[in-house]
Amino acid sequence: SFQDQEKLDPFALVADELTLLGQRLRDMVTAEVPKLAESAEYFFKHGVEGKRFRPMVLLLMASSLTALTPDIGLSYSQKKSYEDFSEVRQRKQQRIAEITEMIHVASLLHDDVLDHADTRRGIGSLNSIMGNKLAVLAGDFLLARASVALASLQNTDVVDLLSRVLEHLVTGEIMQLTTSTKELCSMEYYMQKTFYKTASLMANSCKAIALLAEQPRDVAELAFDYGRHLGIAYQLVDDALDFIGTKASLGKPSLNDIAQGLATAPILYALEEHPQLYNLINRKFKKSGDIEAALEMVNSSKGIAKTKHLAAYHAEQAALAIAGLPPSSSQRGQLCRRALMELTQTVINRSK
Ligand code: FPP
Ligand code: MG
Ligand code: MG
């Protein structure tokens, strides 16, 4: 059964496609003007490409939803045209992974400007190296290149999905920037913001992959649900790790979020047991001693446990979305689905 089998390496299943993706991204971000070229390429270079988690998930989703060429009942020429068609479709799905990665990096470039961040992926942030102006414009440039790639798919439904992601990223960022105290203390508001900022990109790009696989609407919705629940689970675990991790285990200082004035899930759950947290949240933990006091209250509450519980719930919902897909007759399809299932557990069990 599923449990008895050894865990799959999800990256290994799509390793060749990921190598191709890295090369293509480097080709897609070239620019004429040297300063722009240098800035746009910055996070696509070898060694600073990031974990490639999003493209890995998307490529697994593509293989999970794409039927193999049927080898019975087709003439040679029918089979040949079917295969040509599959190749075109696979290329389009790979394009989604590339576009998603470009949108993600563009949002990070802008985010680092907004957050005055000095570092990213272990090197200097682009704003710290090239200045805010170039960092913002390089982000815009990546979005422009992503738009051209999106247009090349000639699918307006897919354009709609990915454009909505851009709207959501901006909306989520603004929701975090401008909030009333009532909103700051609302778990509902927080979850909506989390969907916009983190999960929408995975949800909508998974759905785009399904549409390009010519799957019916209900299957496309399952793909969307998988991406949404996985993204939310991922973020909730991140929120918990910010409280329980250390600089050594996370590779970044913990208590980052409250230091930035952000009340994430553990704080909002702790607030239910410690109403005194309200004032600290309201003044964004700015008074000296606030961070320590907040940590104390989180630790003496069910905040972390409830956050992990909610993450586990979303991971389970993500797995259910995969389980709900119509059966796949392809062995590779089945393998990739298993990897997507296992990822839901990997996300909640991670410690960094
Ligand atoms: C990282 O957040 C940032 C995001 C997930 C999205 C940021 C979105 C924008 C800046 C809006 C503009 C969008 C586009 C498409 C250009 P973080 O600061 O919480 O995390 P970090 O630790 O990675 O910095
Ligand atoms: Mg940031
Ligand atoms: Mg930010």
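What follows is calculated from the coordinates using simple rules that are stated; it is not laboratory data. Here the structure is a predicted model, which is why all the values come from computation and not from measurement. Here Cβ is always computed from backbone atoms with ideal geometry, including for glycine, and neighbour counts include all displayed protein chains.
If we count every other residue with Cβ under 10 angstrom of A106's Cβ, Lys/Arg +1 and Asp/Glu -1, where does the sum land?
Details: positive: R145; negative: E101, D111, D140.
That sum, taken over residues with Cβ under 10 Å, equals -2.
Can you tell me the 0 to 90 degree angle between the C-alpha axis of helix 53-65 and the longest principal axis of the chain, rounded to 10? The helix 53-65 is inclined about 40 degrees to the chain. Here the Karplus curve 6.51 cos²θ - 1.76 cosθ + 1.60, taken at θ = phi - 60°, turns the phi angles of segment 88-94 into couplings of 4, 5, 4, 5, 5, 5, 5 Hz, with x standing for Gly and Pro. For segment 305-352 versus segment 49-121, the inter-centroid distance based on Cα atoms is 19 Å.
The gain in end-to-end length when the R350 to R332 segment is fully stretched comes to 3.9 nm, 0.36 nm per residue minus the alpha carbon separation.
Is the C-alpha gyration tensor of segment 105-237 telling us rounded, prolate or oblate? Criteria: a/c under 1.5 is rounded; beyond that, a/b larger than b/c is prolate, otherwise oblate. Numbers along the way, then the final one.
Numbers: a/c = 2.18, a/b = 1.23, b/c = 1.77.
Oblate.
Taking a 32 Å limit on the Cα-Cα distance, which of the listed pairs K207/K302; K51/K80; K7/K284; K35/K287; K207/K286; K133/K197 fall beyond it? Pairs exceeding the cut-off: K207/K302; K51/K80; K7/K284; K35/K287; K207/K286. Each residue of segment 11-16 was assigned a 3J(HN,Hα) from its phi angle through the Karplus expression (A = 6.51, B = -1.76, C = 1.60, θ = phi - 60°), giving 5, 5, 4, 10, 4, 5 Hz with x at Gly and Pro. For the pair E188 and V159, a Förster radius of 30 Å applied to the C-beta separation gives a FRET efficiency near 0.50, rounded to the nearest 0.05. Subtracting the Cα-Cα distance of E167 and R283 from 0.36 nm times their residue separation leaves 38.9 nm of extension gain. Amide H contacts for R120 (H built 1.01 Å from N in the peptide plane; partners 5 or more residues away or on another chain; cut-off under 5 Å): S125. Spacing of the modelled spin labels on Q5 and E214, each 7 Å from Cα toward Cβ, amounts to 2.7 nm.
Taking amide H as placed 1.01 Å from N in the peptide plane, S254 has its amide H under 5 Å from the amide H of K247, each at least 5 places away in sequence or on another chain.
Where the only charges are on Cβ atoms (+1 Lys, Arg; -1 Asp, Glu), what is the dipole of segment 143-209 about its Cα centre, to the nearest 20 debye?
Numbers: 6 positive and 6 negative charges, 25 e Å.
Result for segment 143-209 is approximately 120 debye, rounded to the nearest 20.
When only C-alpha pairs under 8 Å and at least 6 residues apart count, what is the relative contact order of the chain, in percent?
Numbers: 455 pairs, mean separation 68.1, N = 352.
About 19 percent, as a whole number.
The C-alpha atoms of the chain define a longest principal axis, and helix 303-323 lies at about 10 degrees to it.
Computed over neighbours whose Cβ is under 12 Å from that of M341, the net charge equals +1, Lys and Arg +1, Asp and Glu -1. The Cα center of segment 186-265 and the Cα center of segment 1-43 differ in position by 20 Å. Once the GluC sites (Glu not before Pro) in DSSP loops with at most 10 neighbouring Cβ atoms within 10 Å are cut out of the chain, the longest remaining piece is 33-352.
What FRET efficiency comes out for H116 versus E296 if R0 is 25 angstrom and r is the Cβ-Cβ distance? Round to the nearest 0.05. The partial results should precede the final answer.
Details: r = 28 Å, r/R0 = 1.12.
Efficiency computed from Cβ-Cβ geometry: 0.35.
Sequence-ordered 3J(HN,Hα) estimates for segment 212-218 from the Karplus curve with 6.51, -1.76 and 1.60 and θ = phi - 60° stand at 6, 7, 6, 7, x, 3, 5 Hz, glycine and proline given as x.
Considering only DSSP states other than H, G, I, E and B, which chymotrypsin sites (Phe, Trp or Tyr not before Pro) in segment 1-62 qualify as loop sites with at most 16 other Cβ atoms within 10 Å? Don't skip to the answer; put the middle values down first.
Details: sites: F2, F11, Y42, F43, F44, F53; in loops: F2.
Passing sites in segment 1-62 are F2.
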